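Taking it in order: structure first as structure tokens, then the write-up.
The values are calculated or read from the model by the stated rules, or taken from the named source; none is laboratory data. Please read all numbers here as calculations on a predicted model, not as lab measurements. Glycine also receives a Cβ, built like all others from the backbone with ideal geometry; neighbour counts cover every protein chain displayed. Surface areas here come from the heavy atoms of the whole protein model, side chains and all, with no ligands, DNA or RNA. Shrake-Rupley method; radii C 1.70, N 1.55, O 1.52, S 1.80 Å.
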Amino acid sequence: MLFTIDPRPLQAQLSQAEANLLKAMAAVRQGNDIVARDQAIAANNRVAVNRDLRLVEAGVIPREQYDNDLATLRAIEATVRADQSSVANLQAAQKAEDANVQNARVQLSYTTIRAPLAGKPGTSS
């Protein structure tokens, strides 16, 4: 090693980038949980709509109830699609944060300057 440049500022940048990456990863997990929740709601609404269709055909419930349940199903399905798009955006942000971490590591590695050859510098006699 020939010399070292003060690594503290670059170490702080690396720590910040790692924290941002962890935050982005948590956001992706939370987004996936929201998608799962809304998919479960949609599945339940699908069952209700199918049941209501048979009940409307049998004359047991009014058509209005079926129409309302169908509208609710369509709305939750749209919510699921929006949730999935949000997760895709969060995943892209996570990739960007990962790239920031990799860049900060590279920058930090430049604080140590090494000689290209092994040995001691000096003159030979």
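Checking the structure you have, find out if any residue of the range 3-24 is loosely packed, with under 13 Cβ neighbours inside 10 Å, out of contact with any Cys (no Cβ under 8 Å at 6 or more places or on another chain) and in a strand (DSSP E or B).
yes
Report the residue count in the range 43-57 for those that are of a type in the set (S, T, N, Q) and open to solvent by 50 Å² or more (accessible area, probe 1.4 Å).
Qualifying residue count for the region: 2.
Residue check: is Ala75 among the aliphatic types (A, V, I, L, M), open to solvent by 40 Å² or more (accessible area, probe 1.4 Å) and closer than 30 Å to Ala93 by Cα?
yes
Looking at (1) open to solvent by less than 50 Å² (accessible area, probe 1.4 Å); (2) not in a helix (DSSP H, G or I), which is the one condition that is false for Val60?
All conditions pass for Val60, except number (1).
Under 7 Å by Cβ, and 6 or more places apart or on different chains, what pairs join a residue from the range 81-104 that is modelled with pLDDT of 95 or more with one that is open to solvent by 60 Å² or more (accessible area, probe 1.4 Å) and among the acidic types (Asp, Glu)?
As it stands, the answer is Val101/Glu18, since those pairs meet every condition given.
Inspect the range 98-105 for any residue being part of a helix (DSSP H, G or I), more than 24 Å from Ala26 (Cα to Cα) and either open to solvent by 60 Å² or more (accessible area, probe 1.4 Å) or not hydrophobic (A, V, I, L, M, F, W, C) (or both) and give the result as yes or no.
Checked the range 98-105: no residue is part of a helix (DSSP H, G or I), more than 24 Å from Ala26 (Cα to Cα) and either open to solvent by 60 Å² or more (accessible area, probe 1.4 Å) or not hydrophobic (A, V, I, L, M, F, W, C) (or both).
Mind telling me which of the residues Ile41, Ile113 ends up being β-branched (Val, Ile, Thr) and touching a helix residue (DSSP H, G or I) at 6+ places or on another chain (Cβ under 7 Å)?
Ile41
Have a look at Gln65, Gln94 and point out the one that is surrounded by 13 or more Cβ atoms within 10 Å (Cβ to Cβ) and either under 30 Å from Ala12 (Cβ atoms) or in contact with a Phe, Trp or Tyr (Cβ under 9 Å, 6 or more places away or on another chain) (or both).
Gln94
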